[in-house]
Each structure stands twice: as C-alpha cells, then as structure tokens.
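Just below is one structure, and these are the notes that go with it.
All of the numbers you see were taken from the coordinates with simple rules; none came from a lab. Owing to the predicted nature of the structure, the values given are computational and were not obtained by experimental measurement. Note that each Cβ is placed from the backbone with ideal geometry, even for glycine, and that neighbours are counted across all protein chains shown.
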Amino acid sequence: MKVQETKLEGCFVLEPTVFEDKRGYFFESFNSQKFNDAIGQKVNFVQDNQSFSTKGVLRGLHYQVGEFAQAKLVRVLEGAVLDVAVDIRKNSPTFGQHVAVELTAENKKQLFIPRGFAHGFVVLSKTATFFYKCDNFYNKESEGGIIYNDSTIEIDWKLEESELIISDKDIVLPNIENARLA
C-alpha cells in the first residue's frame, strides 16, 4: 500500500497494492494493523456507511463536533467522485484549507479524513457507489456543516453550478465563519 500525507496534517491518500491477472484483480481494501502503522495512529472504526448517487449529486460539507466527532476512511466502489476534506480545527495552521482527490472504482484510492475535518463529495460519473468507515457513531445533535460554495474555502467541484444537485438541507448550510465548529 502506498500512503501519502496531504498538505493537511493527518489527512492521507492511500493506494492499495492490486494484484491483477486474466481472471481479474484482488486487493486488500482494509487491514487495521497496516492502516494504523501507515498513518501513525490507532483508529478503531465502528460504523460503515454506503451511498449511491447520480452525476452532479453533491453531498457535504458535513462533520460532527465534540465527543461525536468522526474520522472517516472513504472510497468509491463504482463510478468516480471528487472527494473533499476541509480542515476545521480552529488552532490548525491549515484551518479553512482543503484537499480534493478524485476517487474512482478504477484507481481504488482511499482518503483518510481525521476528526476535525468537514467532508463532502460530488459525483463525476453517471452514477457512483460511495463507501466509508467511521470511527464514531452518528449522532444527529452533533452534526455540523459548511456551505459547499464558501468563497473563503474556494473549492473547485469540477462541474458547472447548473450541474450540481444539492439537498435542501445542504443548500442552506452556513459559511465556515458562521459554522458550529465546537
């Protein structure tokens, strides 16, 4: 497995070793010992989530605060997405900065997003099946969010505004300056 830390401390892109032959391919998608060694910390995932979306669906930017904050390990099982992590740790030197990684079924890359980050993705292919592990359980009272087009974060979602499909809940999220961060 190749592991590369992004410009945001604690946020990693992981690329598995894939064994291919005429029958197809095999790879180890998760091994807790190798994963923890690679990122230099122990993460205990307790919940798996999966979503299916069509092209242009933008989900995010979401996070949980306080004792219910979540780290996530995300990947795409079918299709392609642009996956985005935003540093919302108030005392971080990269507060408000983001990384964007194209995750596809073909490249099999994963993104580890630690606690203290907002997360979102947009579907670039006709459809996409998105899968992620969380190290904490979902808690509705602890959820927070940031509007996808916050001008201080400046995310290029790779699609025209007219192509985006955003939920009623996500379209009214605040900018980072007014977001609930703690």
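Cα to Cα, under 29 Å, and not fewer than 8 places away if on the same chain: which lysines meet these conditions relative to Lys22?
Lys2, Lys34, Lys108, Lys109, Lys126
Taking the Cα centre of the chain as the origin, how large is its charge dipole in debye, to the nearest 20, when only Lys and Arg (+1) and Asp and Glu (-1) carry charge on their Cβ atoms? Please list the in-between numbers first.
Details: 21 positive and 26 negative charges, 95 e Å.
Around 460 debye, computed over the chain.
Shape verdict for the chain, please, from the Cα gyration tensor: rounded (a/c under 1.5), prolate (a/b greater than b/c) or oblate.
Values: a/c = 1.76, a/b = 1.24, b/c = 1.42.
It is oblate, given that a/c is not under 1.5 and a/b is not larger than b/c.
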